[in-house]
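The values are calculated or read from the model by the stated rules, or taken from the named source; none is laboratory data. For clarity, every value in this text was computed on a predicted model and none was experimentally measured. Because the Cβ atoms are built from the backbone with ideal geometry, glycine has one as well, and the counts that use them run over all protein chains shown.
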Amino acid sequence: MTDSNDTGPAEPVEILLAEDEPSDADLCMRALQRKNVANHVVWVKDGAEALDFLFARGSHAGRAHADRPRLLLLDIKMPRVDGFEVLRQLRADERFATMPVVIMTSSAEERDIVQGYDLGVNSYVPKPVDFTSFQRAVEEVGQYWMLLNKAPRTIAVP
């Protein structure tokens, strides 16, 4: 589990976590590690950094563009670029049209849920307020998308 500034050896990224709140990011990474659902999680702190990572530009320009994450856990209320704009840009690019994206956010507002699904999110999970419920939600999301869900072995990346 690393944050995006880690310069360790390149490993395929299994989960990209886009979360501006450090305590929520830490809790997510610990919950995923505890259930052994992902070996390599990268944490980015806002939507602009998430887009740079995914499109291999800016500080992530040296990253292999074809090495896309198996899952994006995306907060919607982030600085610089919000999660909806991240989702909008991903779904507009055929390389990311089918990449699983789960919104995990503090908002349970119907308009946010509708907007997320209109933009092509695969799942919308409001963050539970208490620690134990939040941890359990992350574990279940991780287990489903990384272990239970069956994705194609390869997805054409032009």
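A few notes on this one:
- Residue that is within 22 Å of E109 (Cα to Cα) and not aromatic (F, W, Y), where the choices are D52, D24, D67: D24
- Condition check for V13: at pLDDT 85 or above and farther than 25 Å from T132 by Cβ: no
- Only one of the listed residues (A31, A38) is at pLDDT below 90 and in a helix (DSSP H, G or I). That residue is A31.
- Condition broken by R80, with the remaining ones in (1) modelled with pLDDT under 90; (2) on the phi > 0 side of the Ramachandran plot satisfied: (1)
- Unique residue being of a type in the set (S, T, N, Q) and within 14 Å of the chain's Cα centre (by Cα) when the list is S123, S107, S133: S123
- Qualifying residue in segment 77-97 (condition: of a type outside the set (D, E, K, R), within 25 Å of K35 (Cβ to Cβ) and without any contact (Cβ under 8 Å) to a residue 60 or more places away in the chain): no
- Here the condition is being modelled with pLDDT of 95 or more, surrounded by fewer than 23 Cβ atoms within 10 Å (Cβ to Cβ) and within 25 Å of L119 (Cβ to Cβ); of D46, D67, D24, it holds for D46 alone.
- Checking each residue of segment 80-100 against the condition of being of a type in the set (S, T, Y) and closer than 18 Å to E19 by Cβ gives no match.
- Any chance V101 is surrounded by 20 or more Cβ atoms within 10 Å (Cβ to Cβ), under 22 Å from N149 (Cβ atoms), touching a strand residue (DSSP E or B) at 6+ places or on another chain (Cβ under 6 Å) and at pLDDT 95 or above: yes
- Test result for V102, over 15 Å from I15 (Cβ atoms), without any contact (Cβ under 8 Å) to a residue 60 or more places away in the chain and among the aliphatic types (A, V, I, L, M): no
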